[in-house]
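Structure, as structure tokens:
Taken together, the values in this text are just the output of simple stated rules run on the coordinates, not laboratory data. Everything numeric here is computed off the predicted structure, so don't read it as measured data. Counting neighbours? That spans all protein chains shown, and the Cβs are built from the backbone with ideal geometry, glycine included.
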Amino acid sequence: MAVIFAKTRKGHAEIETRAGGLNPRVRRVLIFVDGKRPVEELRGMLQSDDLQHTLGMLEEEGFIEMTGVAGPAGAQPVDAALPPLVAFRLHPPGDDPVRLQQARNFMLNTLNAFVGALGTSSLQDRIEAARNQADLRSLFDEWYHAIVSSRNGRREAEHLRGKLLEVI
């Protein structure tokens, strides 16, 4: 099944006024969302390393909404019971110290491997100081941006993002 997104009123207003302050790459994704193309078709058109993350962010901020799914029988409307596409998984209440340490180690190791300590030391310090999942989640976008800013990281970005989202 392929997910189909459409612009909300806020999304249409952003296209007309640019009031939301979206960067050009994110704005380009918003422009291509039309309520007809499934995500896989967008992926082929946009050549974006982080399309899933960008779509999740646009949905969370109210610029787009999931309107249907495309399958062998064609496009079907979204069932109201389907959850929205969000970047983070729901975890049981309370912080799991093992999961927290796994996420922290993954973020630090990938930064060192793909970007290096130079230029990310402030981010690494904040990752090390994170006391809970919410603290690490607040650093996710900055971590992801650092990863995609390197040539090797850009190639592995979606895979790394998926691995981190399993534990964060």
Computed for segment 118-168: size of charge dipole around the Cα centre, +1 on C-beta of each Lys and Arg, -1 on C-beta of each Asp and Glu, debye to nearest 20, value 160 debye
Once phi for every residue in segment 152-168 is put through the Karplus expression 6.51 cos²θ - 1.76 cosθ + 1.60 (θ = phi - 60°), the whole-Hz ³J(HN,Hα) values, with Gly and Pro written as x, are 5, x, 4, 5, 9, 3, 5, 5, 5, 4, x, 5, 5, 5, 5, 10, 8
Residue-ordered couplings for segment 22-31, obtained by feeding phi - 60° into the Karplus form 6.51 cos²θ - 1.76 cosθ + 1.60 and rounding to whole Hz (Gly and Pro as x), are 5, 6, x, 5, 5, 4, 4, 4, 4, 4
Taking placed amide H atoms and a strict 5 Å upper bound, the residues 5 or more places from residue 3 or on another chain that come that close are 39, 40, 70
Footprinting proxy, 60, 156: sorted fewest to most Cβ within 10 Å, the residues are 60, 156
A correct fewest-to-most ranking of 137, 37 by other Cβ atoms within 10 Å would be 137, 37
Of the convex hull drawn through the C-alpha atoms of segment 97-167, the volume per residue in Å³ is 68 Å³
